Every structure is written in structure tokens, then in C-alpha cells.
Amino acid sequence: MLRRRRRDAAVQKQDVFADYREITETAEISVKMHGGRAKCLQRLIRLGLPVPKTLALSFPTVHAIAEGHLADTERMMAAFGEVPLVSVRPSSEDPDWGGPGAILNIGMNDARHAFLAETIGERAANALYLRFIQAYAIHVARLDPDMFEAEDLTDAAALRRALSDYEDETDETFPQDPARQLSEVLRSMARAWEGTTARLLRQARGAPADAGLGLVVQEMALGLGQPESGSGVIQFVDGKTGEKLIKGRYLSQSQSRDALAGQKEAIFLTRDPRGPSLEELCPEQFAALLEYGARCRTRLREEMQIEFTIDSGALSIIDAVRIPRNSRAEVRIAVDLAKDGIISREEALMRVEPRSLSELLHRQVDPDAPRDTLVEGIAASPGAARGVVVFSSAAAQARAAQGEACVLVRRETTPDDIRGMHAASAVLTERGGVTSHAAVIARGLGVPCIVGASGMTLSRKANQFTCPDGRIVREGDMVTVDGSSGAVLAGETPLVEAGLDDAFQTLLGWADEVRDIKVRANADTPADARTAERFKADGIGLCRTEHMFFEGDRLTVMREMIFADHTQDRQAALDQLLPMQRADFIALFEIMQGRPVCIRLFDPPLHEFLPNDREGLRELAEALDLPLSDVNRRVEALSEFNPMLGMRGVRLGVTIPEIYEMQARAIFEATIEASRKGDPVVPEIMIPLVSAKREVELVKTRIDAVAAAVRTETGVDFTYRLGVMVETPRAALRAGDIAAHCSFLSFGTNDLTQMTYGLSRDDAGRFMSQYVQQEVFPEDPFHILDAEGVGELLTIGSERGRAANPQVTLSICGEHGGNPESIAFCRTAGFHYVSCSPFRVPVARLSAAQYALRDAAAETP
Ligand code: PEP
Ligand code: MG
């Protein structure tokens with residue numbers, strides 16, 4: 001039995017030995033078996049680019065190596081000639097899943113060093129060997145990295161020291177056999193991939209638990225010949241903006257000798273007054289690179305970043321990757337490729353992740369403004385903000401309480417800093433990367449953030465930081481944080497509103513051509529309406545009118561109305577509110593220029609407008625000239641045990657009809673006024689919190705009466721549409737009765753979720769995370785629409801409503817409206833529009849287009 005198992009293992013080993021292949025035009029290489037890098041190298045070879053000889057190891061081979069099988073590295077090395085020098089790079093299915101770092105110069109040993117010292121000079125040979133020893137010692141032998149640090153890589157003494165340190169630490173001389181070196185490198189890279197930390201990290205980036213790793217072994221193209229030989233990377237568009245721009249760096253052999261001696265400036269690629277450029281040094285190779293870039297663009301249908309070497313005139317292409325890019329560049333690249341006919345418009349639309357558009361929707365530093373950079377770091381959360389510098393969360397909260405914008409500067413943030421981050425208008429940290437606490441939280445909050453600004457020296461004691469150029473920034477100094485570029489600028493730099501550039505507009509214009517569901521915005525004020533207009537919403541789907549009453553002078557009148565004992569007193573207060581509401585509605589209609597505007601009648605319980613502390617009550621008594629005891633009594637009388645299920649919404653409309661009558665009059669008068677100046681307006685009036693048909697009948701009768709009165713008084717005719725907000729389970733179930741009396745039904749999924757689950761939307765936060773963690777709910781149903789439960793009510797409501805009134809317009813206007821998942825649901829249910837916050841309108845437009853395209857593709861045989 002034991003013998004049998006051994007024999008099986010031997011057979012398996014044999015398979016492993018055989019399973020690597022040279023990447024040629026025709027070799028069987030696939031992303032699923034060999035990874036993206038291997039496949040990309042094959043594509044480059046097929047495009048005729050000069051790629052050095054490369055072998056690909058498949059996922060199962062690398063996995064077997066991690067398990068302890070040995071690859072036939074003797075044979076592999078032999079494929080590269082008598083004195084091979086190779087590199088090994090990872091090749092996972094998706095480059096975003098990470099992987100072990102590349103290891104170069106495998107094959108360097110004493111003999112090769114001696115030979116290279118003769119041909120390319122001792123210092124360059126020292127550097128090659130020492131770099132390999134460093135990588136091998138740290139990643140393969142797992143020795144302490146500090147021990148192998150060297151100031152000058154070209155120094156012969158440093159090389160000798162590294163060799164003897166290696167020997168001291170491992171009790172063996174540095175391995176001289178290239179096949180053994182390669183074998184050990186392959187094993188360490190394979191094992192690194194299978195380690196728990198690496199697995200968790202890539203799973204967090206969306207990789208499956210069993211994601212495989214391929215490896216590519218490539219002949220080194222050293223670029224160590226004549227002085228202009230060297231290595232570099234080149235790309236043809238800017239990864240931040242997507243604009244056409246030749247960018248990259250090149251380190252020539254002569255230069256790298258200087259660089260190795262401490263002068264680290266790479267030379268420029270294109271003609272530059274500061275010195276010789278690659279274009280001048282190697283014009284032929286430079287021209288070839290431009291041509292290769294263009295070839296990759298048209299044939300790989302992507303903007304690629306190309307890694308290359310030039311060795312005594314011979315150009316080698318070592319690798320090419322999709323240019324790393326932010327969302328803005330992603331949009332421009334997709335649009336430009338489609339405009340040039342390289343990809344279709346549909347493909348351009350599908351390439352952009354809808355949620356990533358929100359990055360483009362924030363304020364940015366004015367590109368034309370002078371920039372005085374204090375320090376740079378990693379751009380971790382987009383957008384720009386200005387504020388005075390503070391160094392603690394307490395200070396941030398104190399400044400915010402005084403209405404002062406501030407920038408929270410910390411070495412790194414911890415959960416204790418959450419309140420400070422909420423209070424700050426931007427965050428800057430000395431340490432950290434794009435997934436650090438500060439970065440993740442700031443992105444969630446939508447606050448601009450820069451992390452890893454290691455060029456600054458932070459002193460918590462002195463409450464200041466020192467910039468790389470020696471300038472000192474103290475607490476209270478004004479700075480501008482450019483979270484999109486990663487630069488902290490001195491002073492109050494001018495900002496521009498969201499980056500809706502031409503590429504963004506073009507892409508969303510294409511989205512509008514293919515989407516089959518409208519996207520409106522929830523907008524309560526003229527400012528919101530202007531944002532909705534800028535993001536090209538198809539109209540306003542929900543204007544919560546009560547928000548208009550919270551402003552200074554209106555609140556007092558509102559309170560007078562609430563406190564009125566007699567109908568005349570209430571009417572007097574409402575008469576004062578009428579012109580204010582009318583002005584608001586005129587502004588909304590004018591901004592939306594003929595697009596539909598849906599105004600919801602007053603919804604919240606009246607007590608929300610009353611003060612709830614002693615001081616506030618005293619001030620109110622003073623303002624109303626009433627004894628404090630009267631005010632207290634009235635407030636008590638209005639208080640309810642369950643206000644969200646109490647006297648609110650249409651219940652107010654039925655019991656105090658004057659409020660809705662005033663609002664209806666304001667809407668109709670504004671309709672006449674706005675139609676006189678611009679496009680004809682057909683207002684939509686929506687009744688909230690309905691649960692019975694009779695509520696609709698009663699309110700409709702009164703609103704019709706107001707409309708008739710306004711027509712008679714003004715002699716102007718107009719039409720309007722009356723609708724019902726379906727946000728109680730009963731309204732969804734009785735949607736048939738209700739739809740017979742109205743033109744539209746809009747599902748308010750916030751209240752509907754609250755009432756379906758019996759879950760307070762204001763208190764659920766206390767236990768929601770536990771509920772999600774323990775998988776009681778798959779997601780917070782207030783964030784992601786519960787398609788099973790609340791969704792069923794939506795389906796029932798829409799079907800019954802449509803059956804009773806086939807013309808009825810159906811929509812959703814709760815917070816779920818902008819989520820891609822809700823858009824999918826609403827399209828399937830045949831809704832006419834979704835309505836969401838203005839900043840989510842572009843995300844919803846693109847997402848709706850993608851669903852339409854997916855459906856069309858699925859239907860095409
Ligand atoms: C809703 O309940 O879904 C809704 C949109 O109304 P509000 O959030 O104002 O209650
Ligand atoms: Mg509601």
C-alpha cells in the first residue's frame with residue numbers, strides 16, 4: 001500500500017515536471033490556467049513584439065511546487081542557454097489579486113559575476129549580484145532585510161559583506177547552482193501565494209478562495225551594453241486623467257551608474273530642456289515603442305504600460321500591463337477607444353463600473369489655479385477640501401462645532417478617530433496605504449483623504465508638521481487637501497465643482513441612448529434641483545416639502561400654525577407660508593425646465609417642528625407671547641408614543657386639511673407662473689403614508705376644489721397629476737383600489753421596509769451590524785432592497801395597480817432607488833423610473849444602461 005502511494009506520488013511528480021511550456025504564438029496558454037501575465041506576453045508575441053524567451057508554469061504546477069514537488073529546473077535553465085540569467089514573475093488570473101514580487105537576476109553567481117565584471121564593468125556586475133543576493137536572502141532564505149541593506153549597490157565591499165552575512169546566517173555558502181537558485185525561488189513564490197495572509201488579502205479583493213497562481217520565467221534582457229542601453233517603462237495616456245500623454249522613465253546604463261552612485265534621476269522619455277531624452281538617445285527604439293503602443297491599443301483594445309530594455313540598440317519588451325488608472329481616466333480611455341472605433345460604445349459603457357463614477361462627482365482643485373505643494377502622499381479618497389490644520393479628533397470636533405472647516409492630520413487613524421473624521425472636511429495621515437483605516441473610512445464618508453505622506457515630519461508635541469522643503473505647518477494654518485492627486489497645498493486654493501468633463505458627459509449620453517428606465521432625483525431645495533439638473537436627471541421624483549419649513553423665518557410661522565387654536569389663526573399662519581412655498585416651487589419648476597417635478601405633500605408629525613429642550617421652549621413662549629405652561633401643555637398634547645405610526649402624512653391631510661390645501665394652492669399658482677415664463681408645467685402631487693383608498697378620495701376632492709378655485713381666480717387653465725406614495729404594506733396590498741383614483745404610484749421603500757420588518761429605521765443601526773454578522777439578514781435592508789420580502793410587496797403592488805389602471809406610472813423613491821440592485825429589480829418589474837439622491841443619478845444612469853445591454857446581449861442568439 002505504502003509502495004503504491006509512493007509510486008502515485010512519483011507519477012504526479014513526473015506530471016509536474018512536464019507541465020511548463022514556452023510561450024510562443026501557438027502554445028496553449030490561457031488566463032484560467034497560466035494567468036493574465038502569461039497570456040498577455042503571448043498576445044505581445046503574436047503582435048510581433050520582441051519579447052525575450054519566456055516559460056509559463058500553470059496553476060496546478062505552482063500548487064504542486066508549493067506542496068513540495070520539485071520542478072525540473074535543470075531543464076528549464078538549459079532552455080536559456082549555457083549561462084542563463086532569468087527572472088520569475090507572478091501571473092495570477094486577475095492582476096488586482098496581487099501576488100509575490102518579481103525576483104530578478106536568478107543565475108548570478110561568482111563565476112557569472114567575474115565574467116560580467118570583465119564585460120560590463122565591476123560596479124555594474126556588483127550591483128546585479130548584490131540585488132539578487134538581497135532578494136534571495138529576504139524572500140527565499142527569509143533572513144532579516146535590515147542585514148542586507150546597502151548604501152551603494154556597486155560597492156565591492158558591500159557585495160562581500162552580503163555573501164559572508166548570508167553564510168553566517170544560513171551556515172552554507174550562497175547557492176551557486178542556477179538550477180537550485182531557480183528551484184528555491186519557485187518554491188518560495190508558490191508558498192508565499194498559498195500563505196493565509198496572502199489568501200485573505202486577495203479574497204478581500206474579490207478573488208475566490210482557491211485562486212491559482214501561475215509563474216513566468218523569463219530570460220533577463222539586461223540593457224547593460226553601450227552607455228545608452230538601459231531599462232524603462234512607457235505609457236501613452238495619463239493614468240489620472242486618461243488624456244493622451246507620453247509618460248514613463250528610462251534609466252540608461254551611463255545614467256544608472258550615476259544613479260547607483262546615489263544620483264537617482266531617471267532621464268525623460270521625450271525631448272526635454274533638462275537633458276538628453278530617450279527620444280534623442282535612441283530615436284529608432286523610441287519610435288518603435290510608440291508604434292508598439294499604438295499596436296497594443298488597436299489590437300489588445302487597451303491602453304498598455306510597456307516595460308522594456310534597450311541593449312546596444314536591441315529593444316526588448318519584458319512585460320506590458322493595463323495602465324493603472326483612476327475612475328476619471330477609465331472613463332476617458334473607454335470613450336476615446338470607442339470614438340476611435342477600437343471598441344464599440346456598448347463595450348465602453350460596460351467597461352466602467354457604475355459605482356466608481358461617484359469619484360468624479362466631488363469638488364476638485366481648480367486645474368488652472370497655482371499650486372503650492374507642501375507635501376505629497378497617496379491619493380486615498382477623491383475630491384478636494386480646504387480647512388485649518390488640527391492634530392487631534394477632539395480639536396476637529398471643536399472646530400466643526402464653531403462652523404470652521406478643518407483638516408485632521410494624524411500619524412495614522414484608529415477607530416477612536418471616527419468622530420474627528422466625521423467632523424473634518426479632509427484627512428491627512430503620515431502613514432498607511434489605500435486600504436488603511438483612514439482611507440477606508442474617508443472613502444465611506446466621502447471625505448477627501450491623503451495617506452502615507454511620509455515626506456512630512458509630524459510632531460504631536462509641538463502640534464505641527466514639517467514639510468520636505470523645511471516649511472512648518474502649525475495648528476490653525478489653512479491648507480487645501482487634493483485627495484484626487486495626493487497633494488497637500490498651502491492656503492486656500494480655488495476649487496471647482498464636480499469633474500463632469502466631456503468624456504464623462506459623452507459616456508452618460510451614450511448610456512441615456514440605451515437605457516430603458518428613467519432616472520429622477522430626490523431634490524428638496526433649489527440647490528438640490530440644480531445638482532439634479534447638472535447630473536441630467538430626468539426630473540424630480542420626490543420633493544419632501546417639509547424640508548422647506550425648517551429655515552429660520554419659516555419655522556416661526558410654522559410653529560404659529562401648529563399652535564393655532566382657531567381655524568382663522570391657522571389660516572393666517574398658512575397665508576404667510578403660502579408665498580414662501582410658491583416661491584420654492586417656482587424655482588424648482590424653472591430649474592427643471594419642463595421636466596416632471598413630483599411634490600410630496602407634508603409628511604412628518606407636527607411635533608418635529610417644536611423645540612425639545614427647556615431653553616427652546618422658553619424662546620418659543622417668548623416668540624408666541626404665550627405663558628410657558630401653555631406651550632408645555634400644547635407640546636405634551638402633540639406628543640405621541642409612536643410618532644412614525646401616528647399623526648403624520650395623509651392622516652394630517654385628512655384631519656387638518658388646510659395644510660394640504662395651502663400646499664396645493666402654492667403648487668398651482670407656481671405652475672401658472674412658471675409656465676408663463678418657460679416650458680409648460682404639469683405638476684405631480686403625491687400623497688404620503690396612504691393606507692386606504694378613502695384617504696385618497698378625501699384629499700383628491702379637496703385638491704380638485706383648490707385647482708378649480710385657482711383656475712377661476714386666474715382665468716388660466718392647467719392640468720396636474722395626483723399620485724400616491726406606497727409606503728405602508730396595506731397600500732401595496734390594496735394598490736388596485738388606490739390606483740383607480742390616481743395617475744401614479746411611487747414606492748417609498750424606506751417606510752415600506754420599516755413597516756414590513758417592523759424595524760425602526762432610526763434605531764436599527766444599534767443592532768444591524770450584529771444581525772448582518774450573524775446572517776439574520778444578508779444585508780442591511782435599509783441599504784440594499786430586500787427583494788424577497790419588501791420586493792414581493794412591490795411586485796404585488798405594481799401588478800394590482802397596473803391591473804386596475806393600465807396607465808398608472810410606477811416608480812421607487814426610497815433611498816434604495818440609486819442602487820444598481822434596485823434598478824435591476826425595477827426594470828424587471830416594469831417600473832417607469834427610479835428616483836435617488838442627486839449625486840447617485842450618474843451611477844443609476846450608467847447602471848440602467850448596463851442592465852439594458854446585458855438583456856439585449858442575452859436575447860441575441
Ligand atoms: C420613503 O419612506 O421611502 C420615503 C422616500 O419617504 P421618507 O424617507 O421621507 O419617509
Ligand atoms: Mg416615507
Within the stretch 663-704, restricting to residues that are within 16 Å of ligand 1 (Cβ to nearest atom) and not in a helix (DSSP H, G or I), the one that is surrounded by the most Cβ atoms within 10 Å (Cβ to Cβ) is VAL690
When the stretch 804-847 is checked residue by residue, the ones that are of a type in the set (S, T, N, Q) and either more than 17 Å from VAL724 (Cα to Cα) or not in a loop (DSSP other than H, G, I, E, B) (or both) are THR809, SER811, ASN819, SER822, THR828, SER835, SER837, SER847
Selection from the stretch 203-250 of residues within 18 Å of LEU116 (Cβ to Cβ) and in a strand (DSSP E or B) yields GLU219, GLY230, SER231
Screening ALA573, ALA527, ALA521 for residues that are surrounded by 19 or more Cβ atoms within 10 Å (Cβ to Cβ), more than 16 Å from ligand 2 (Cβ to nearest atom) and either polar (S, T, N, Q) or assigned to a helix (DSSP H, G or I) (or both) leaves only ALA573
For the stretch 630-639, does any single residue satisfy the condition of being modelled with pLDDT under 95, within 21 Å of GLN581 (Cβ to Cβ) and in a helix (DSSP H, G or I)? no
For the stretch 590-612, pairs from a residue that is over 13 Å from ALA670 (Cα atoms) to a residue that is of a type in the set (Phe, Trp, Tyr) and away from ligand 2 (no atom under 13 Å from the Cβ), with Cβ under 7 Å and 6 or more apart or across chains, are LEU601/TYR660; PHE602/TYR660; PHE609/PHE549
Restricted to the stretch 805-826 and to residues being aliphatic (A, V, I, L, M) and closer than 19 Å to THR728 by Cα, the residue farthest from ligand 2 (Cβ to nearest atom) is VAL808
When restricted to ILE823, ILE812, the only residue under 17 Å from ASP751 (Cα atoms) and of a type in the set (Val, Ile, Thr) is ILE812
Residue set ILE667, ILE599; condition away from ligand 2 (no atom under 16 Å from the Cβ), among the β-branched types (Val, Ile, Thr), under 24 Å from ARG530 (Cα atoms) and at pLDDT 90 or above; output residue ILE667
Scanning the stretch 747-770 for residues that are surrounded by fewer than 15 Cβ atoms within 10 Å (Cβ to Cβ) and away from ligand 1 (no atom under 13 Å from the Cβ), the one modelled with the lowest pLDDT turns out to be GLY765
Scanning the stretch 538-570 for residues that are within 16 Å of ligand 1 (Cβ to nearest atom) and not in a helix (DSSP H, G or I), the one farthest from PRO842 (Cα to Cα) turns out to be PHE550
Picked from the stretch 721-746 (must be part of a loop (DSSP other than H, G, I, E, B) and touching a Ser or Thr at 6+ places or on another chain (Cβ under 7 Å)), the residue nearest to ligand 1 (Cβ to nearest atom) is THR728
Among LEU620, LEU652, the single one that is assigned to a helix (DSSP H, G or I), within 16 Å of ligand 2 (Cβ to nearest atom) and aliphatic (A, V, I, L, M) is LEU652
Report whether or not VAL434 is modelled with pLDDT of 85 or more and in contact with a strand residue (DSSP E or B) (Cβ under 9 Å, 6 or more places away or on another chain). no
Among the residues that make up the stretch 494-504, is at least one of them surrounded by 18 or more Cβ atoms within 10 Å (Cβ to Cβ) and in a helix (DSSP H, G or I)? yes
Of all strands (runs of 3 or more DSSP E) fully inside the stretch 293-387, the set with 2 or more residues that are at pLDDT below 95 is 304-311, 314-322, 378-381
Among residues of the stretch 729-753 being closer than 18 Å to GLU684 by Cβ and out of contact with any helix residue (DSSP H, G or I) (no Cβ under 7 Å at 6 or more places or on another chain), the residue farthest from ligand 2 (Cβ to nearest atom) is SER743
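The values are calculated or read from the model by the stated rules, or taken from the named source; none is laboratory data. Computed from a predicted model, the values in this text were never measured in an experiment. Don't worry about glycine lacking a Cβ; one is built from the backbone with ideal geometry, like all the others, and counts go over all protein chains shown.
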